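Read the structure below first, then the notes.
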Amino acid sequence: GLCGVAMAEGEGMVSVDYEVFGKVQGVFFRKYTQGEAKRLGLVGWVQNTSHGTVQGQIQGPAARVRELQDWLRKIGSPQSRISRAEFSNEKKIAALEHKDFQILK
């Protein structure tokens with residue numbers, strides 16, 4: 001069994017990839033994303049792409065992942081202007097594949 005580590009909603013762990021479009025580079029977007037992910041207890045990574053977006057992966061309890069998805073869609077860092085966020089490759093996972101939430105160079 002899960003020995004009480006399951007969330008109250010009884011949801012398992014999920015993994016989802018994301019890419020955020022808009023003015024999201026050079027505005028501390030990665031640092032804020034990392035901070036928000038850690039606050040929510042999520043793991044994964046975030047990095048700038050060569051075409052001006054920010055992308056990464058989020059893993060953790062489904063309800064918490066949803067919270068970070070909303071944050072990536074609407075909030076971001078104070079100076080950012082998000083035009084849209086796209087999510088893909090969502091899947092249930094048995095265990096987290098990352099130890100923490102990292103900013104990749």
- request: Using the structure shown, decide if Arg81 is at pLDDT 95 or above, under 22 Å from Ala95 (Cβ atoms) and not aliphatic (A, V, I, L, M).
  value: no
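Within region 48-81, how many residues turn out to be surrounded by 15 or more Cβ atoms within 10 Å (Cβ to Cβ) and of a type outside the set (Ser, Thr, Tyr)?
Narrowing region 48-81 to residues surrounded by 15 or more Cβ atoms within 10 Å (Cβ to Cβ): 48, 53-62, 64-69, 71-73, 76-77, 80.
Adding the requirement that they be of a type outside the set (Ser, Thr, Tyr) leaves 48, 54-62, 64-69, 71-73, 76.
The qualifying residues number 20.
Among the residues of region 24-40, write down those that are of a type in the set (Gly, Ala, Ser) and open to solvent by 50 Å² or more (accessible area, probe 1.4 Å). Step through it out loud before you land on a result.
Of the residues in region 24-40, the ones of a type in the set (Gly, Ala, Ser) are 26, 35, 37.
Passing the criteria: only Gly26.
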Note: among Phe101, Phe87, just one is in contact (Cβ under 8 Å) with a residue 12 or more places away in the chain, over 13 Å from Val16 (Cβ atoms) and of a type outside the set (Lys, Arg), namely Phe101
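Kindly establish whether Arg66 is assigned to a helix (DSSP H, G or I) and without any contact (Cβ under 8 Å) to a residue 12 or more places away in the chain. Give the derivation first.
On the way: assigned to a helix (DSSP H, G or I): yes; without any contact (Cβ under 8 Å) to a residue 12 or more places away in the chain: yes.
Yes; evaluated as a whole, the condition is true for this residue.
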Of the residues in region 1-23, those that are modelled with pLDDT of 95 or more, surrounded by fewer than 18 Cβ atoms within 10 Å (Cβ to Cβ) and among the aliphatic types (A, V, I, L, M) number 0
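The values are calculated or read from the model by the stated rules, or taken from the named source; none is laboratory data. Since we're looking at a predicted model, the values are computed, not measured. Quick reminder, even Gly has a Cβ in these numbers, built from the backbone with ideal geometry, and neighbours come from all protein chains shown. Note: accessible area is taken over every heavy atom of the protein model, side chains too, but ligands, DNA and RNA are not part of it. Shrake-Rupley method; radii C 1.70, N 1.55, O 1.52, S 1.80 Å.
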